[in-house]
């Protein structure tokens with residue numbers, strides 16, 4: 001098995017990385033940052049997102065493992081004090097994995113004849129900072145509405161717990177291969193109307209944004225930002241690619257949601273009711 005370790009620059013993460021490297025060398029694992037079979041991300045969800053994009057051209061050949069050195073994240077199953085158990089799990093690995101859908105983002109710029117393609121694990125947003133963004137929204141090729149406001153967010157099921165949730169979007173189980181649109185500061189009055197509600201879009205449909213002319217749009221794809229280019233059209237759809245996580249003890253999705261947003265209720269909490 002060939003393993004790559006992808007860690008953020010924080011001292012705690014770097015210390016865990018060094019310990020893991022030593023343990024892998026002692027147990028005759030192959031450390032390979034170029035063509036790994038398993039990528040171990042050390043840090044938090046942001047670090048795992050960075051690892052995902054670093055290896056996105058090899059997604060079909062890689063499984064990810066997340067080790068968190070801070071708060072529990074949605075993509076990080078292991079704590080930093082459990083690396084001995086993680087090494088044992090890797091030694092008995094039989095290829096087990098769980099996979100999640102991804103978002104394909106296809107952008108047509110006014111100054112380029114070829115469309116550019118991006119891949120998102122969480123979400124993509126389109127915003128206009130200096131003025132109201134006016135964008136025609138198509139679903140499955142049919143015009144649905146003309147949006148006016150600050151921006152729009154399209155998320156994957158796993159990304160539904162991130163920026164989408166802060167916009168009032170629904171939390172969606174990743175077994176549902178759907179897309180979700182959430183509005184950012186929409187304008188609704190006697191003249192202008194939007195649905196003014198998050199939308200769940202079926203996997204066989206696609207979403208298209210056609211913004212009015214302007215070069216001051218900001219496009220985000222996960223943590224990457226693209227701006228100051230005139231966008232004529234953006235197409236969003238479920239990608240044919242998927243992301244795979246090594247399933248040694250992959251926590252259930254709703255357990256992750258509970259841990260992240262609700263926490264564990266104690267007997268003392270119940271007595272206060």
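The values are calculated or read from the model by the stated rules, or taken from the named source; none is laboratory data. Treat the numbers as computed from the prediction; the structure is a model and nothing was measured. Heads up, the Cβs are rebuilt from the backbone with ideal geometry, glycines too, and the neighbour counts pull from every protein chain shown.
Only strands (runs of 3 or more DSSP E) whose full extent lies in the range 206-273 are considered here, and the ones with at least 1 residues that are within 22 Å of the chain's Cα centre (by Cα) and modelled with pLDDT under 95 are 217-221, 224-227, 231-246. Listed by position, the strands (runs of 3 or more DSSP E) inside the range 108-153 whose residues that are at pLDDT 95 or above and in contact with a helix residue (DSSP H, G or I) (Cβ under 7 Å, 6 or more places away or on another chain) number at least 1 are 116-120, 123-128. Only one of the numbered conditions (1) in a loop (DSSP other than H, G, I, E, B); (2) in contact (Cβ under 8 Å) with a residue 40 or more places away in the chain; (3) buried (at least 20 other Cβ atoms within 10 Å of the Cβ) is not met by residue 169, and that is (2).
For the range 17-35, the set of residues classified as part of a helix (DSSP H, G or I) and more than 19 Å from residue 81 (Cβ to Cβ) consists of 25 only. Only residues that are surrounded by fewer than 19 Cβ atoms within 10 Å (Cβ to Cβ), in contact with a strand residue (DSSP E or B) (Cβ under 8 Å, 6 or more places away or on another chain) and within 30 Å of residue 51 (Cβ to Cβ) were counted across the range 206-227, and they come to 6. For the range 2-15, the condition of being in a helix (DSSP H, G or I) and crowded, with 16+ Cβ neighbours inside 10 Å holds for at least one residue.
Exactly one residue among 57, 80 is free of Cβ contacts under 8 Å to residues at least 24 places away in the same chain and in the same structural domain as residue 255 (by TED's automatic domain parsing), and that residue is 57.
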